[in-house]
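Reviewing the structure listed below.
The values are calculated or read from the model by the stated rules, or taken from the named source; none is laboratory data. Computed from a prediction, not measured in an experiment: that's the story for all the values here. All Cβ positions, glycine included, derive from the backbone under ideal geometry; neighbour counts span all protein chains shown. Only protein heavy atoms, including side chains, enter the accessible area calculation; ligands, DNA and RNA are left aside. Shrake-Rupley method; radii C 1.70, N 1.55, O 1.52, S 1.80 Å.
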Amino acid sequence: MNVSSANVTVVIEYRDSFTKAVTKNVIVVVLSISINYINAGLICTFRKHQIFYMNPRYILFFHLVVNDMIQVTLTVMLFIISYTIYKLSVSLCCTFILLALFTTENTPLNLACMAVECYIAICVPLRHVQICTVRRTLMLIGLIWVTSMLSVLPDLFITLATEPLDFFHSRVFCLRETVFPNPHIIKKRDTTYIIYLVIVWFVIFYTYFKILFTAKAASKDAKKARNTILLHGFQVLLCMATYAEPLLKHALQQWFPKNYTDSLFATYIIVQILPRSISPIIYGIRDKTFRRHLKRYLLCTASSQ
């Protein structure tokens, strides 16, 4: 029995009680609504003020927030489906999984790009305007999506080439391993995740220490940039848990087979939900410019009601 079939077997054998299932779904829905509500406020603030349209830092942040909203919505839908409909057609599940994977892998790449922008702003301030243009920022966002697609789409192509047509009309418990069951995909995934891990962490460490040791490290802006990158590093650390998630799930299955569903729930909250709650803190609360405009937006919204 491979890992994916073992996962499904354990989940079937140890289904949650009705009360526990409702509790978990309520927690997930409340958290997702809270995160998306806050992020929606940030998006409205961004759209209402022209100053943010011309700043690469805020454009990258806007993309991160929109990406996180899509990711949270998709993963929560899949979570609820696993308790209600339980099984989906492979074609529909494949669509959900692909979109969720795109947005999940976009997040650490976007954070790495934001760290580089901080580095350029502090360490190469005279060239910041020439290097970090709006056009290049939009191209960078496109590159982020292309990179994620190049990482994920081979899973689909391998499955199309190796699985019979009837497989795509069958119904399965909606997991990445069940819609992309080829063992070569798992090896490819692990290799890709290791490469992602090395590249993103190299960028985070490099930019942080360059800012730390720059001649302007004593300035207030440099200190704020270092703190921002540290927060990015913590957020990336949580996001990177996604890359270790398959190994973690397999270990939890071996260690706690009777509490496997509870372990999956905790893993889901830590890996998928928690990292998306940090973005509003970094720029929605810590950034003075964004915070000032956000307060105005909230006050205008409250007074209009």
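Of the residues Val90, Val3, Val8, only one is over 18 Å from the mean Cα position of the chain (by Cα), within 25 Å of Ile158 (Cα to Cα) and either crowded, with 20+ Cβ neighbours inside 10 Å or at pLDDT 90 or above (or both); which? Steps first, please.
Values: Val3 fails: either crowded, with 20+ Cβ neighbours inside 10 Å or at pLDDT 90 or above (or both); Val8 fails: either crowded, with 20+ Cβ neighbours inside 10 Å or at pLDDT 90 or above (or both).
Selected residue: Val90, the only one of Val90, Val3, Val8 that is over 18 Å from the mean Cα position of the chain (by Cα), within 25 Å of Ile158 (Cα to Cα) and either crowded, with 20+ Cβ neighbours inside 10 Å or at pLDDT 90 or above (or both).
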Unmet criterion (only one of (1) open to solvent by 30 Å² or more (accessible area, probe 1.4 Å); (2) more than 21 Å from Arg57 (Cβ to Cβ); (3) not β-branched (Val, Ile, Thr)) for Leu140: (2)
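If we keep just the residues of the range 77-87 that are of a type outside the set (A, V, I, L, M) and touching a strand residue (DSSP E or B) at 6+ places or on another chain (Cβ under 9 Å), which is most open to solvent (accessible area, probe 1.4 Å)? Walk me through it before giving the result.
Initial filter on the range 77-87 (of a type outside the set (A, V, I, L, M)): 79, 82-84, 86-87.
From what's left, touching a strand residue (DSSP E or B) at 6+ places or on another chain (Cβ under 9 Å): 82, 86-87.
On the way: Ser82: 22, Tyr86: 47, Lys87: 81 Å².
Top of the filtered list is Lys87.
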Qualifying positions in the range 259-289 - touching a helix residue (DSSP H, G or I) at 6+ places or on another chain (Cβ under 6 Å), modelled with pLDDT of 75 or more and small (Gly, Ala, Ser): Ser277
Asn67 passes all but one of (1) at pLDDT below 85; (2) in contact with a helix residue (DSSP H, G or I) (Cβ under 7 Å, 6 or more places away or on another chain); which number fails? (1)
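Residue-by-condition table, conditions (1) of a type outside the set (Asp, Glu); (2) free of Cβ contacts under 8 Å to residues at least 60 places away in the same chain; (3) open to solvent by less than 30 Å² (accessible area, probe 1.4 Å); (4) in a loop (DSSP other than H, G, I, E, B):
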position: Glu105; (1), (2), (3), (4): no, no, yes, no
position: Arg136; (1), (2), (3), (4): yes, no, no, no
position: Thr147; (1), (2), (3), (4): yes, yes, no, no
position: Ser151; (1), (2), (3), (4): yes, yes, yes, no
position: Ala161; (1), (2), (3), (4): yes, yes, no, no
position: Ile186; (1), (2), (3), (4): yes, no, no, no
position: Thr191; (1), (2), (3), (4): yes, yes, no, no
position: Ile199; (1), (2), (3), (4): yes, no, no, no
Looking at the range 36-48, can you tell me whether even one residue there is of a type outside the set (Ser, Thr, Tyr), out of contact with any Asp or Glu (no Cβ under 6 Å at 6 or more places or on another chain), in a helix (DSSP H, G or I) and closer than 19 Å to Tyr268 by Cα? yes
